[in-house]
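These notes are about the structure you will find just below.
The values are calculated or read from the model by the stated rules, or taken from the named source; none is laboratory data. None of the values given here were measured: they were computed from a predicted structure. Because the Cβ atoms are built from the backbone with ideal geometry, glycine has one as well, and the counts that use them run over all protein chains shown. Side chains included, ligands, DNA and RNA excluded: accessible areas come from the protein's heavy atoms. Shrake-Rupley method; radii C 1.70, N 1.55, O 1.52, S 1.80 Å.
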Amino acid sequence: MLLQPLMMTDNPDGGDDASTLLKTRPKTKRPPLYKVLLLNDDYTPMEFVVHVLERFFGMTHAEAFEVMLTVHKKGVAVVGVFSHEIAETKVGQVMDFARRHQHPLQCTMEKED
Ligand code: TYC
């Protein structure tokens, strides 16, 4: 287990006893987050993309339409930020749904900085 030095400001004793310098605690790391990206293409119908955003990302029709237009104009947009497992599931759901409807829509994920 990684040990992290305890800061004086972390210590409820005020930091003025010798133990302050020696105490350690387990380092808890928050899991990394992943951006799910939707990519533009020339063939997938706009209404299909809107439907994908409603169905898999819980957007209202108005939100989905706005995000779809952002992808259409800019080429790519972040459509959600999730744990690795949830992001992989979303990407898989979108890619599978697009493939089954024979649209070339692409969805990817990337680690957040
Ligand atoms: N560019 C597509 C069109 O004009 C629409 C589109 C938007 C496709 C967003 C993909 O992720 C996308 N029909």
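Worth a mention:
- Residue-level accessible surface for Met109, protein heavy atoms, 1.4 Å, Å²: 60
- In plain terms, the chain from Gln93 to Gln106 could stretch by 3.6 nm, reckoned as 0.36 nm per residue minus the Cα-Cα distance.
- Protection proxy ranking of 33-40, 84-91, by the mean of other Cβ atoms within 10 Å over each peptide's residues and highest first, is 33-40, 84-91.
- Å² of accessible area per residue within the range 71-113, as computed with a 1.4 Å probe and no ligands counted: 67
- Most to least accessible of Thr28, Thr60 (protein chains only, probe 1.4 Å): Thr28, Thr60
- In the range 17-113, the portion of solvent-accessible area held by carbon and sulfur atoms comes to 54 percent [1.4 Å probe, whole percent, DNA, RNA and ligands not counted].
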